[in-house]
Amino acid sequence: MSNENFRSPLVMKFGGTSVQDAAAFRQVADIVGASVGRRPVVVVSAMSGVTDALLRATAAAWRTLDSNPMELLDPHFDRHVEAAESLLTGSRQGEFLRSLSDAREEIVHLLRTIRAYRGVLAPLQDEIVSFGERLSSRLLAEFLVERGTPGRPVDARRCIVTDEAFTRATPLLRETFDRTRSELEPVIADGVVPVLGGFIGATTDGATTTLGRGGSDYSGTLVGAALGAHEVQIWTDVSGIYSADPRLVANVRRIERISYAEATDLALYGAKVLHPKTIEPVEQLGIPVSIRNTFSPANGHSIVSRDSAVANGEIGAVTHRTGVSVVRFTPETALSTSRLMGEAAEVFEENGVPIEHIAASRAGVSVTVEEGDSLDFALRRLERSGQVELTRHVAVICLVGNFGDGGSEVCRTVTETLAGFDARSLHPHPSPNARLFLVAESVVGDAVRALHRHCVESR
Ligand code: ADP
Ligand code: ASP
Ligand code: MG
């Protein structure tokens, strides 16, 4: 190992189930404690279920006048109290419990503000939601100290600098890298483990933002890239990236080695184990990302790096994403294909509906988009100049694999398997590692299982 590698830190990101209760916190502290020689930096999610509850409470405050949104949150405050009473002693416990009750007071105040002013919701929502990660990171740092590992809570909002797109903010890379280095390097140099919440950041003016659901993985690799980490470890409740979601398919296989590009396609098209942007910060730097099981650390893991182990003509994984709509637009007056595509793209863009996939010919244009409230506005605008056909409740199935020279055999198997599901292939393909198909949401589970059986298990 070179001297440079020896000095560079190890980023360890722990997800929500990894800190779901006191027993899980103990597992995490053991794992971190065993890696102190590698200069760990810890990034942690909110305790499982807490982000959902904070979002539900925010929505309740916004929508109804008679409910008490704190009823949705108090069971989760109780979970924090229980964990703290089990993990911390003496003044450390007292201080954490005080900060917990301060957090509760602040949330009560913020929810009242939402009710009273009913103005712009997103910045207040991000402020409220950020408490999940602020509390879990504080509790974990205190617990590390309690059990003899020097740890220090660091407010992630001092490190991750973002634009103002509240609820789905984009990090400003240069500022984030500079701030992360200046906040964390002195802590690491002191031999102390910094512990920061994932998912949250702040604008240059200091307003709290969030990176989108599941965004703690992305925080982990942002911090890893900023510090030139020698590895980013994503600790979760499964022992790596599998050939399909293990909750959906029984005989899944772990993918031991997978390339950055393959992992990105997998994450983009529904593999919840990685946030879609996780790979972005580390790919150019060649920092390996491993996916490991907090509850079974010795059970093996997956490594994402420049190398792939998916052989020519093989399919590595079958993933899917629901909540997609397909819009087909036929203009009243004939347009060239490029103008048609440009004009349709502009309508979706102006209405804040990101296009996922577009295909056009002189006869019309076909677009897949995520379902959402803004879609209706885009459709009304299109209806003024042509005929619009909308198909809702569609799922995208993604096959991640090596479709090189030996790919024709596997493509035949895929076509035969999907014939019974009324599937449509999406052209052009978005990447050399992926093939996309559309099916009705109602059959997607069966289609994924059939593809897995014929294309992965039969290998
Ligand atoms: P965390 O809270 O640790 O971030 P997530 O729930 O976000 O964990 O991600 C882990 C989950 O991802 C697993 O429990 C699993 O059900 C799901 N998952 C979906 N697709 C895959 C896949 N291809 N490989 C592994 N896990 C997957
Ligand atoms: N707590 C956030 C969420 O549930 C971020 C994360 O867990 O990655 O979406
Ligand atoms: Mg996650």
- request: Assign one of three labels to region 243-374, namely rounded, prolate or oblate, based on the Cα gyration tensor with a ≥ b ≥ c the square roots of its eigenvalues; rounded applies when a/c is under 1.5, prolate when it is not and a/b is larger than b/c, and oblate otherwise.
  value: prolate
task: Starting with the fewest neighbours, write out I355, I234, I315 ranked by other beta-carbon atoms found within 10 Å of each beta-carbon.
output: I355, I315, I234
message: Quick check on the chain: helices-only [θ] at 222 nm, where DSSP H runs of length 4 and up contribute -39,500 (n - 2.57) each and the sum goes over total residues. Nearest 500, please.
response: -12500 deg cm²/dmol
query: D30 versus T170, label points 7 Å from Cα toward the beta carbon: distance in nm?
result: 4.3
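Classify the chain as rounded, prolate or oblate from the Cα gyration tensor: take a ≥ b ≥ c as the square roots of its eigenvalues, call it rounded if a/c is under 1.5, otherwise prolate when a/b beats b/c and oblate if not. Don't skip to the answer; put the middle values down first.
Values: a/c = 1.93, a/b = 1.34, b/c = 1.43.
In terms of gyration-tensor shape, oblate.
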message: Please compute the contact order of the chain in relative form: average sequence separation of alpha-carbon pairs under 8 Å and at least six residues apart, divided by the residue count, as a percent.
response: 13
For region 308-459: rounded, prolate or oblate by the Cα gyration tensor [a/c cutoff 1.5]: prolate
task: Mind ranking 24-31, 54-61 by how tightly packed they are, going by the mean number of other C-beta atoms within 10 angstrom, highest first?
output: 54-61, 24-31
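Taking every DSSP beta bridge that has both residues in the chain, what percent is antiparallel when rounded to the nearest 5?
DSSP beta bridges in the chain are roughly 60 percent antiparallel.
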- line: Protection proxy (average C-beta count within 10 Å per residue), highest first, orders 121-128, 108-115, 178-185 as 121-128, 178-185, 108-115
query: How much of the DSSP beta bridge set in region 72-228 is antiparallel, as a percent to the nearest 5?
result: 45
query: Could you give the semi-axes, largest first, of the ellipsoid that matches region 39-188, computed as the square roots of 5 times the alpha carbon gyration tensor eigenvalues and rounded to whole Å?
result: 28, 23, 10
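Against the 2.2 N^0.38 Å scaling, with N counting residues, where does region 146-273 land? I'd like the Cα-based Rg ratio to two decimal places.
Dividing the Cα radius of gyration by 2.2 N^0.38 Å gives 1.19.
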message: Defining a contact as two alpha carbons under 8 Å apart and six or more residues distant in sequence, what relative contact order in percent does region 416-459 show?
response: 40
field: Around S130: net Lys/Arg minus Asp/Glu count, Cβ-Cβ under 10 Å
entry: -2
- prompt: Can you sort C398, C455, C159 so the residue with the fewest Cβ neighbours within 10 Å comes first?
  reply: C455, C398, C159
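Read the figures in this text as sums done on the coordinates, not as results from a lab. Small disclaimer: the values here were computed from a predicted structure and weren't measured. Cβ coordinates were reconstructed from backbone atoms using ideal geometry, including for glycine residues, and neighbour counts include every protein chain displayed.
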